[in-house]
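S.K.: Pasting a structure here, questions to come.
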Amino acid sequence: MTRKIAIFDTTLRDGEQSPGASMNSEEKLVITRQLLRLNVDVIEAGFPVSSPGDFKSVQQIAAEVGDRAVVCALTRAVEKDIDSAADALKDCARPRIHTGIGVSHSHIYDKLRTTPEKIIERAVNAVKYAKKYVEDVEFYAEDAGRSDYEFLAKVVQAVIDAGATVVNIPDTTGYSMPDEFGRRIRFLMENVTNVDKASISVHCHNDLGMATALSLAGVQNGATQVECTINGLGERAGNTAMEEVVMALKMHGDELDGHTDINTREFIRASRLVSSITGFVVQPNKAIVGANAFAHSSGIHQDGVIKSRTTYEIIDPKDVGIDDNSIVLTARSGRAALKNRLSMLGVTLDQEKLDKVYEEFLKLADRKKDIHDDDILVLAGADRSGNHRIKLEYLQVTSGVGVRSVASLGLNISGEKFEAAASGNGPVDAAIKALKRIIDRHMTLKEFTIQAISKGSDDVGKVHMQVEYDNQMYYGFGANTDIIAASVEAYIDCINKFTK
Ligand code: KIV
Ligand code: ZN
């Protein structure tokens with residue numbers, strides 16, 4: 001039997017640190033339920049001292065999880081952070097405090113302006129302080145990927161002596177090369193004399209696109225916990241993607257001497273859920289969960305797959321939750337069926353919101369024959385903007401080849417109606433110019449992505465936009481079978497965020 005590799009999910013903490021990916025507490029609970037379906041070992045729920053919202057959210061997640069997973073709260077090596085984490089976790093069935101400090105030259109001297117001796121002292125004190133509250137204390141050696149091997153070993157030895165049950169070796173900046181990172185973990189396994197008293201965890205960032213390779217190198221050399229996120233969400237270029245590291249372990253478990261207890265059939269659902277809640281589009285060619293991950297386009301490949309799936313497919317799509325028969329609802333489905341499907345997807349709505357989503361569902365079902373889980377998630381996600389001040393009332397666009405596009409639209413702004421028309425260089429440009437005639441602010445569209453969620457020309461288009469206003473970036477989302485309408489909705493979603 002291979003070693004059990006614990007999966008530590010940090011979508012709700014490091015993932016949420018991605019600019020524009022912030023989630024409200026209900027959305028975090030929806031994701032928590034999906035993490036439980038995946039059967040993760042540890043859920044990092046937040047950083048309680050950072051805000052009252054985060055504190056509350058950690059409490060709610062702990063209550064939701066019960067004893068089904070360890071719930072972890074992040075702290076700096078600072079007593080008030082640890083007090084706050086302990087308080088947020090006080091009713092948690094399986095609490096873990098995750099405390100730590102920087103250990104690289106740059107963190108010691110430039111960020112913390114201290115000395116290596118003081119770092120060890122603060123690390124040990126933080127672990128001992130956290131131990132007063134909980135048995136399970138994880139220590140992170142921040143920026144370990146760029147630290148001195150001997151010093152890192154000293155820190156790890158000292159925190160294990162102080163009672164750390166898990167020691168996290170993060171490549172915080174995503175700087176390392178897999179070979180070297182593997183050697184680093186091996187060095188700790190061979191030189192820290194009490195290393196058998198704790199487990200070693202890896203937490204890798206994707207700045208060079210190598211987070212999965214780094215994590216696997218860590219596992220191959222002794223780590224027994226991997227920290228990761230759904231879709232690789234996380235600071236800057238993101239974290240290790242859970243779906244990648246778990247599927248690699250599934251395929252190469254013997255070489256890596258490791259297996260996980262993850263229910264991989266929940267990956268697609270988890271990926272779509274996180275994407276729809278955060279508004280972060282999954283690139284089509286993303287490994288495991290991208291829309292094209294199992295699409296074969298060249299004739300030679302198609303011919304091969306028809307003869308035998310394994311000619312060009314290393315993973316059975318069903319193993320990650322792709323099910324071509326996943327059509328669930330039609331125009332004849334009632335409110336109860338929608339509610340039931342939403343609850344299977346981990347989304348619970350109160351009656352008022354359910355009614356709104358149902359109305360939208362019926363409109364969509366008029367335009368689109370088959371309603372998939374993705375469509376439902378988009379409808380439920382889009383409803384999050386239901387209370388917004390500015391709403392699109394109507395939109396009419398004329399466009400075509402060889403003519404200039406013209407758009408007219410009506411907005412409802414806090415109950416008052418406004419109308420405008422404009423021409424533009426294409427239908428979206430015309431519609432946004434009309435919108436700007438009503439809302440006259442100095443705003444610039446910085447990013448614009450349109451994505452279809454499943455298949456077919458009647459599909460719902462999802463639009464993500466980034467709009468810069470007053471030197472700040474705002475993220476917006478729209479979903480509609482009409483992509484021009486979805487684009488205008490996404491733009492309005494951005495505006496709603498700075499005109500609250
Ligand atoms: O990347 C990192 O070092 C972290 C720590 C806080 C664990 O996210
Ligand atoms: Zn991180």
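The values are calculated or read from the model by the stated rules, or taken from the named source; none is laboratory data. Quick caveat: nothing in here was measured; it's all calculated off a predicted structure. Virtual Cβ from ideal backbone geometry, glycine too; neighbours counted across all protein chains shown. Only protein heavy atoms, including side chains, enter the accessible area calculation; ligands, DNA and RNA are left aside. Shrake-Rupley method; radii C 1.70, N 1.55, O 1.52, S 1.80 Å.
S.K.: Taking just the alpha carbons, could you work out the radius of gyration and Dmax for region 163-322, both in angstroms?
M.R.: Over region 163-322's Cα set, Rg and Dmax evaluate to 17.2, 59 Å.
S.K.: Moving on to the next point. What lysines sit close enough to Lys433 to cross-link, taking a C-alpha to C-alpha distance under 28 Å and skipping anything fewer than 8 places away on the same chain?
M.R.: Partners within reach: Lys363, Lys391, Lys417, Lys446, Lys462, Lys497, Lys500.
S.K.: Given the chain, what percent of its DSSP beta bridges are antiparallel, to the nearest 5? If you can, show how the numbers build up before the last one.
M.R.: On the way: 37 of 72 bridges.
Expressed as a percentage, antiparallel bridges in the chain total about 50.
S.K.: How do the peptides 146-154, 238-246 rank, highest first, by the average count of neighbouring beta carbon atoms within 10 Å per residue?
M.R.: Highest-to-lowest ranking by the protection proxy: 238-246, 146-154.
S.K.: So what is the relative contact order of region 353-500, in percent, for Cα pairs below 8 Å that sit 6 or more residues apart?
M.R.: 17
S.K.: Hey, any idea what % of region 18-146's accessible area is carbon plus sulfur with a 1.4 Å probe?
M.R.: Working: 2590 of 5200 Å².
Answer for region 18-146: carbon and sulfur cover 50 percent of the accessible area.
S.K.: Keeping every protein chain in place, order Met247, Met177 by accessible area at 1.4 Å, biggest value first, i.e. largest first. Spell out each step's value before the answer.
M.R.: Numbers: Met247 5, Met177 105 Å².
Most to least solvent-accessible, the answer reads Met177, Met247.
S.K.: Let me ask something else. Percent of alpha carbon pairs in region 402-483 separated by more than 21 Å?
M.R.: When every Cα pair of region 402-483 is considered, 40 percent fall beyond 21 Å.
S.K.: State, in angstrom, two size descriptors of region 1-84 derived from its alpha carbons: Rg to one decimal place and Dmax to the nearest whole number.
M.R.: 13.0, 44
S.K.: Expressed in nm², what is the orientationally averaged projection area of the convex hull enclosing the Cα positions of region 184-227? Intermediate values should be presented prior to the final figure.
M.R.: On the way: hull surface 11.6 nm².
Orientation-averaged projected area of the Cα hull: 2.9 nm².
S.K.: Let me ask another. Dividing the Cα convex hull volume of region 257-315 by residue count, how many Å³ per residue is that? If you can, show how the numbers build up before the last one.
M.R.: Values: hull volume 7.1 nm³, N = 59.
Considering the Cα atoms of region 257-315, their hull volume per residue is 120 Å³.
S.K.: Separate question: For q = 0.11, 0.15, 0.17, 0.19 Å⁻¹, what log10 I(q)/I(0) does region 132-245 give under the Debye formula with an equal point scatterer on each alpha carbon and no solvent?
M.R.: -0.31, -0.57, -0.72, -0.89
S.K.: Given a 1.4 Å probe and every protein chain left where it sits, what share in percent of the accessible area of region 339-452 is carbon and sulfur?
M.R.: Numbers: 2990 of 6330 Å².
Percent of accessible area from carbon and sulfur atoms in region 339-452: 47.
S.K.: Per-residue ellipticity at 222 nm for the chain, helices alone: DSSP H runs ≥ 4 residues times -39500 (n - 2.57), over residue total, nearest 500 deg cm²/dmol? Display every interim value, and only then the final one.
M.R.: Values: 15 runs with 192 residues, N = 500.
Calculated mean residue ellipticity at 222 nm is -12000 deg cm²/dmol.
S.K.: Which of the lysines could be linked to Lys90 by a straight reach, that is with a Cα gap under 16 Å, when you skip same-chain ones fewer than 8 residues away?
M.R.: Counting by Cα, and skipping residues close in sequence, Lys90 has these lysines nearby: Lys56, Lys80, Lys131, Lys132.
S.K.: Could you work out how far apart the two model spin labels at His301 and Arg332 are, taking each label as a point 7 Å from the Cα in the direction of the beta carbon, and quote it in nm?
M.R.: The answer from the label model is 3.8 nm.
S.K.: How charged is the neighbourhood of Val406? Take every other residue with its Cβ under 12 Å from the Cβ of Val406, and add Lys/Arg as +1 and Asp/Glu as -1. Kindly include the intermediate steps, with their values, before the conclusion.
M.R.: Working: positive: Arg404, Lys433; negative: Asp429.
Taking every other residue near Val406 into account, the sum is +1.
S.K.: What does the accessible area of Thr165 come to, in Å² to the nearest 10, when a probe of 1.4 Å is used?
M.R.: Taking all protein chains as shown, Thr165 has close to 40 Å².
S.K.: Which percent of the accessible area of region 238-304 is formed by carbon and sulfur heavy atoms (probe 1.4 angstrom)? List each step's numbers first, then the result.
M.R.: Values: 1310 of 2760 Å².
C and S fraction of accessible area: 48 percent.
S.K.: Next up: When the C-alpha atoms of region 47-155 are aligned to their principal axes, what extent does each axis show, in angstrom, from largest down?
M.R.: Principal-axis extents of the Cα atoms in region 47-155, largest first: 41, 24, 23 Å.
S.K.: Evaluate the Debye formula for region 285-439 with equal point scatterers sitting on the alpha carbons, no solvent, and hand back log10 of I(q)/I(0) at q = 0.16, 0.18 Å⁻¹, in q order, two decimals.
M.R.: Debye curve over Cα of region 285-439, log10 I(q)/I(0) at q = 0.16, 0.18 Å⁻¹: -1.03, -1.07.
S.K.: Helix 483-498 versus the longest principal axis of the chain: what angle, 0 to 90°, nearest 10, using Cα atoms?
M.R.: For 483-498 against the chain, the angle is about 60 degrees.
S.K.: In nm, what is the difference between 0.36 nm times the number of residues separating Lys56 and Asp161 and their Cα-Cα distance?
M.R.: Details: separation 105, 0.36 × 105 = 37.80 nm, distance 3.22 nm.
Here the answer is 34.6 nm.
S.K.: Further, regarding this structure: How high is the relative contact order of the chain, in percent, counting Cα pairs under 8 Å that sit 6 or more residues apart? Walk me through the numbers on the way to the answer.
M.R.: On the way: 1020 pairs, mean separation 51.7, N = 500.
Relative CO of the chain lands at 10 percent.
S.K.: State, to one decimal in nm, how far the label point of Glu352 lies from the label point of Arg68, with both points 7 Å from Cα in the Cβ direction.
M.R.: 2.8
S.K.: Between Thr114 and Ala287, what FRET efficiency comes out of the Förster formula 1/(1 + (r/R0)^6) with R0 = 60 Å and r the beta carbon distance, rounded to 0.05?
M.R.: Details: r = 40 Å, r/R0 = 0.67.
Taking R0 as 60 Å, the efficiency between Ala287 and Thr114 is 0.90.
S.K.: Nearest 10 degrees, 0 to 90: what angle lies between the long axis of helix 242-256 and the longest principal axis of the chain (Cα atoms)?
M.R.: That helix lies at roughly 40 degrees to the long axis.
S.K.: Over what distance in Å are the Cα centres of region 8-44 and region 169-191 separated?
M.R.: 26
S.K.: Also: Can you give the translational diffusion coefficient of the chain in µm²/s, computed by Stokes-Einstein from the Kirkwood radius over Cα pairs at 4 °C and 1.567 mPa s? List each step's numbers first, then the result.
M.R.: On the way: Rh = 24.4 Å.
Diffusion coefficient, whole number: 53 µm²/s.
S.K.: Turning to a different aspect of this structure: Whole angstrom only: what separates the Cα centroid of region 73-118 from the Cα centroid of region 221-286?
M.R.: Computed from Cα coordinates, the inter-centre distance equals 26 Å.
S.K.: Identify all lysines with a Cα-Cα distance to Lys111 below 18 Å; exclude those on the same chain that are fewer than 8 residues away in sequence.
M.R.: Filter leaves no residues.
S.K.: Calculate how steeply helix 373-382 sits against the longest principal axis of the alpha-carbon atoms of the chain, using the helix alpha-carbon long axis, and give the answer as 0 to 90 degrees to the nearest 10.
M.R.: Helix 373-382 and the main axis of the chain meet at about 80 degrees.
S.K.: Given a 1.4 angstrom probe, what's the average accessible area per residue across the chain, in square angstrom? Mind dumping the intermediate values first?
M.R.: Numbers: 22190 Å² over 500 residues.
So the chain comes to 44 Å² accessible per residue, rounded to a whole number.
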